[in-house]
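Q: Provided herewith is a single structure, encoded as structure tokens, for subsequent inquiry.
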Amino acid sequence: MIIGIAAVDRKGAIGKGGKLPWHYPADMKFFRETTTGHAVVMGRKTWLTIGKPLKNRLNIVLSRDLSIEPQESLLVLGDVESVLSFNKSLSTELFVIGGAQIYEAFLPHIEKWIITEVPLTVRGADAFMPEGYLDEFKVEDSKSLDDDLVVKFYSRG
Ligand SMILES: NC(=O)c1ccc[n+]([C@@H]2O[C@H](COP(=O)([O-])OP(=O)(O)OC[C@H]3O[C@@H](n4cnc5c(N)ncnc54)[C@H](OP(=O)(O)O)[C@@H]3O)[C@@H](O)[C@H]2O)c1
């Protein structure tokens, strides 16, 4: 299963200046617990902000420039098709973890979204979720986290 996971502000913003525009330990814990033991795919820019492979997960980085230094638990792939065909050999879920370009590129292939609703409107944000990304989805479940955060679980409906 291919699952998109993101934390999104009231206007669809997800990033500013190459970083997350907030710090919510409860959401980071939720993200870690949800994705541990699975594979994650991210864009090169998100990879740069994380800086090292996320522990106990297979990390896939999408980049057209395949010069990223190989290391354990890291696979660098050059296009969406390669990720999709690699996914067929996976026995775990594949989480699409951003950023904006990667959510856009995987949108047609995402079967579920897990969205943390961030109760902010970030000024000067420069990375956003794709327009209408939830249009073909419906809420199946929700969960409250600390810091007034709500996570919604969406499936294609
Ligand atoms: N709120 C959240 O949940 C969340 C989650 C993740 C990230 N973010 C934020 O999102 C922002 C980064 O997003 P972004 O859109 O600027 O960058 P990104 O999606 O992380 O990475 C973009 C890079 O990915 C590669 N790429 C993109 N599409 C590709 C394709 N179809 N085939 C091959 N490679 C492809 C390219 O790398 P090359 O240039 O190497 O070819 C491109 O420069 C940051 O602010 C980050 O903090 C937020």
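Q: Mind checking whether some residue in the range 53-66 is small (Gly, Ala, Ser), part of a loop (DSSP other than H, G, I, E, B) and at positive phi?
A: No.
Q: Could you please give the count of residues in the range 51-72 that are near the ligand (Cβ under 9 Å from one of its atoms), surrounded by fewer than 18 Cβ atoms within 10 Å (Cβ to Cβ) and of a type outside the set (Asp, Glu)?
A: Qualifying residue count, the range 51-72: 5.
Q: Take Leu48 and tell me if it is open to solvent by 50 Å² or more (accessible area, probe 1.4 Å), out of contact with any helix residue (DSSP H, G or I) (no Cβ under 6 Å at 6 or more places or on another chain) and under 18 Å from Val151 (Cα atoms).
A: Against the criterion (open to solvent by 50 Å² or more (accessible area, probe 1.4 Å), out of contact with any helix residue (DSSP H, G or I) (no Cβ under 6 Å at 6 or more places or on another chain) and under 18 Å from Val151 (Cα atoms)), Leu48 does not qualify.
Q: Right, next: If you take just the strands (runs of 3 or more DSSP E) that sit entirely in the range 77-157, which of them hold at least 3 residues that are open to solvent by 80 Å² or more (accessible area, probe 1.4 Å)?
A: 137-145
Q: Quickly run through the range 98-139 and pick out the residues that are on the phi > 0 side of the Ramachandran plot and of a type in the set (Lys, Arg).
A: Passing the criteria: none in range.
Q: Given Ser67, Ser142, Ser82, which one is of a type in the set (Ser, Thr, Tyr), over 13 Å from Ile2 (Cβ atoms) and at pLDDT below 95?
A: On the way: Ser142 fails: at pLDDT below 95; Ser82 fails: at pLDDT below 95.
Just a single option satisfies the conditions, and that option is Ser67.
Q: Within the range 30-52, track down each residue that is without any contact (Cβ under 8 Å) to a residue 12 or more places away in the chain and more than 19 Å from Trp113 (Cβ to Cβ).
A: Passing the criteria: Ile50, Gly51, Lys52.
Q: Now for a different question. So, in the range 34-50, how many residues would count as being farther than 16 Å from Ala6 by Cβ and away from the ligand (no atom under 12 Å from the Cβ)?
A: The qualifying residues number 3.
Q: I'd like to verify a number: residues in the range 67-76 that are in contact with a helix residue (DSSP H, G or I) (Cβ under 9 Å, 6 or more places away or on another chain) and either assigned to a loop (DSSP other than H, G, I, E, B) or in contact (Cβ under 8 Å) with a residue 24 or more places away in the chain (or both), how many?
A: Initial filter on the range 67-76 (in contact with a helix residue (DSSP H, G or I) (Cβ under 9 Å, 6 or more places away or on another chain)): 68, 74-76.
From the residues that got through so far, the ones that are either assigned to a loop (DSSP other than H, G, I, E, B) or in contact (Cβ under 8 Å) with a residue 24 or more places away in the chain (or both) too are 68.
Number of matching residues: 1.
Q: Let me ask another. Restricting the range 10-43 to residues that are of a type outside the set (A, V, I, L, M) and in a strand (DSSP E or B), which is surrounded by the fewest Cβ atoms within 10 Å (Cβ to Cβ)?
A: Lys19
The values are calculated or read from the model by the stated rules, or taken from the named source; none is laboratory data. For clarity, every value in this text was computed on a predicted model and none was experimentally measured. All Cβ positions, glycine included, derive from the backbone under ideal geometry; neighbour counts span all protein chains shown. These area figures cover heavy atoms from the full protein model, side chains too; ligands, DNA and RNA do not enter into them. Shrake-Rupley method; radii C 1.70, N 1.55, O 1.52, S 1.80 Å.
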